[in-house]
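This report refers to the structure that appears directly beneath it.
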Amino acid sequence: MISRRSFLGNAAGICACAAHGFGASANDFYAGCTLPSRQARNLIASSSARFGYKSALDGSLSSGDKGFDRALAKTLVRLSDLFEVLPGFAFQELDEENAYATSHDKFGNRDDGTVIFGRSLYKSIMNRPENPHICVAAVCAHEFAHILQFKTGIRQRLVGPDNRVKKLELHADFLAGYFAGIRKKESRDFPAAAFASMQHSIGDNSFGSVQHHGTAEERGAAVVAGFSSAFHMRQTLSEAIEAGISYVKRG
């Protein structure tokens, strides 16, 4: 398990995103809100800076709200501790409302990739009437779950030769729910239902697309199932990973 102290002491490779790179064909995005390393190299501009979550969120890579950034940094550390991953993280201007995870590590000082959170998505979420900060955390948990999938080779178990990503995305929702369940165990006041509400709101009905992530009902249900694995079943992370795989394969 990665300790909070060692995590904050390490440097994360954070890179500025080149917005023009998002003109690529949708077929190039072979894993939904994850990006292959070859594409990430085109989307992430070079930078000489290296940041830990705390320092990165204090500068130009932040959301622009210092108070929120300080709270988010703690959430990112908690996600890293729970999922045992160390990705870089940055808010960046993107051409669309989205967030991405990639296994690409620009600086080579971390093996677990990078999470890029679009500022337009952040602004949209912060306009939500209920628990917007928690909804941002839900998206981060989903993307960190993708980093875990990269690290553990889960993609190969859930994405077949047709490159359809639905099972992979619902598994990331399941693990986001698992994180919400852990947080609910730690603090009974934690509004875990906001995780399910957030993922429910971004479901889609693009059934013919390889990028179909799951319907609103499927995404919300996956979060609830992951929550139960932590809060009710008290599963370990490794148990939850396998339970999530079984869950999405049954769907």
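The values are calculated or read from the model by the stated rules, or taken from the named source; none is laboratory data. If you're wondering where the values come from, they're calculated on a predicted model, not measured in any experiment. Don't worry about glycine lacking a Cβ; one is built from the backbone with ideal geometry, like all the others, and counts go over all protein chains shown. Ligands, DNA and RNA are excluded from the accessible area calculation, which covers all protein heavy atoms including side chains. Shrake-Rupley method; radii C 1.70, N 1.55, O 1.52, S 1.80 Å.
Evaluated against (1) under 18 Å from the mean Cα position of the chain (by Cα); (2) in a helix (DSSP H, G or I), E242 falls short on exactly one condition, (1). Among the residues of the stretch 172-218, write down those that are under 21 Å from V77 (Cα atoms), in a loop (DSSP other than H, G, I, E, B) and of a type in the set (F, W, Y). Within the stretch 172-218, F190 is the sole residue that qualifies. Any residue that is open to solvent by less than 40 Å² (accessible area, probe 1.4 Å), of a type in the set (S, T, N, Q) and either within 17 Å of A145 (Cα to Cα) or touching a Pro at 6+ places or on another chain (Cβ under 6 Å) (or both) - is there at least one of those in the stretch 191-208? Within the stretch 191-208 (the criterion being open to solvent by less than 40 Å² (accessible area, probe 1.4 Å), of a type in the set (S, T, N, Q) and either within 17 Å of A145 (Cα to Cα) or touching a Pro at 6+ places or on another chain (Cβ under 6 Å) (or both)), the answer is yes, since at least one residue qualifies. On inspection, A221 does not qualify as in a helix (DSSP H, G or I) and open to solvent by less than 30 Å² (accessible area, probe 1.4 Å).
Looking at G181, G177, G226, G160, just one residue is over 18 Å from L82 (Cβ atoms) and not basic (K, R), and that residue is G160. Of the strands (runs of 3 or more DSSP E) lying entirely inside the stretch 75-171, the ones with 2 or more residues being farther than 20 Å from Q211 by Cα and either open to solvent by less than 10 Å² (accessible area, probe 1.4 Å) or in contact (Cβ under 8 Å) with a residue 24 or more places away in the chain (or both) are found at 88-92. Would you check if there is a residue in the stretch 95-114 being of a type in the set (A, V, I, L, M) and in contact with a Gly (Cβ under 9 Å, 6 or more places away or on another chain)? Looking for residues that are of a type in the set (A, V, I, L, M) and in contact with a Gly (Cβ under 9 Å, 6 or more places away or on another chain), one finds at least one in the stretch 95-114, hence yes. The set of residues from the stretch 172-190 being among the charged types (D, E, K, R), within 22 Å of A243 (Cα to Cα) and open to solvent by 10 Å² or more (accessible area, probe 1.4 Å) comprises R183, K184, K185, E186.
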